[in-house]
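Working notes, structure below.
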Amino acid sequence: MPRSNVTAKQKLDAVKKILSGEESRRHIGQIYGVAHSSVEEWILKYQIKGENAFSDKFQKVEYSKELKEAAVKAYLNGNKSQNEICKIYGLNSRSPLEQWIKEYNSGKELKSSKSIGGTIMTKNKKTSFEERVEIAQYCIKFGHSYSEAAEKYNISYTQARSYALKYKESGKDALKDKRGKRKSEDQLTEVEHLRREIKRLENEKRQAEMEIALLKKIQEIERR
């Protein structure tokens, strides 16, 4: 069957069969006449957007400069694969990530842009503590589908991701609104001051490690 004739329902059914172990990626590719990479893209989209992964209803999604830089640096840090980065940042394929990496490595400035292929709200919406807990639990229950949570609760993708990560790392108390409660330097106890200094040094260390990873990537590209 030619690739262009594979319907959304067929893709959805194929992915479910693969994930359940009923079919292999190779056999699905043979059935529908598509490359292995295409089958992987179907799986990635499903893992990110769930049942709506192959919907024909697309609209423009804005990828902010901050999101692009965070995705690129997360990859260059070397701890996650491109597929894992795509899942975390709600990308339907590796193509935009690969382009951002290429631009970043060549010294180009990453700028906010729009792309077809999703329904992610980009502006933050004010939420209550109870709503944040519900959103975080939803993301974790459904495998950190931040894009799906953003659409369901009409919030931004970054909000959904932030709530889920905070909840997973520190529990629901981490989702309480703490704006305006940060102490100034002269209000800190000696222990609090040391903890803040340790956090600053840890951030500097992570930044240095990312810069080293970037230099290694650039050197690899130059040797090719």
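The values are calculated or read from the model by the stated rules, or taken from the named source; none is laboratory data. Note that the coordinates shown come from a computational prediction; the quantities given were computed from them, not determined experimentally. The accessibility values were calculated without ligands, DNA or RNA, using every heavy atom of the protein model including side chains. Shrake-Rupley method; radii C 1.70, N 1.55, O 1.52, S 1.80 Å.
Data for the structure
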| quantity | calculated |
| --- | --- |
| Placed amide H near Ser156: partners under 5 Å, 5+ positions off or other chain | Lys125 |
| Candidate residues Leu12, Leu175: accessible-area rank, largest first, probe 1.4 Å | Leu12, Leu175 |
| Gain in span if fully extended, Asp13 to Ser81, counting 0.36 nm per residue against the direct Cα distance | 21.9 nm |
| Within straight-line cross-link reach of Lys17, aspartates and glutamates at Cα separation under 16 Å, skipping those fewer than 8 residues along the same chain | Glu40, Glu41, Glu51 |
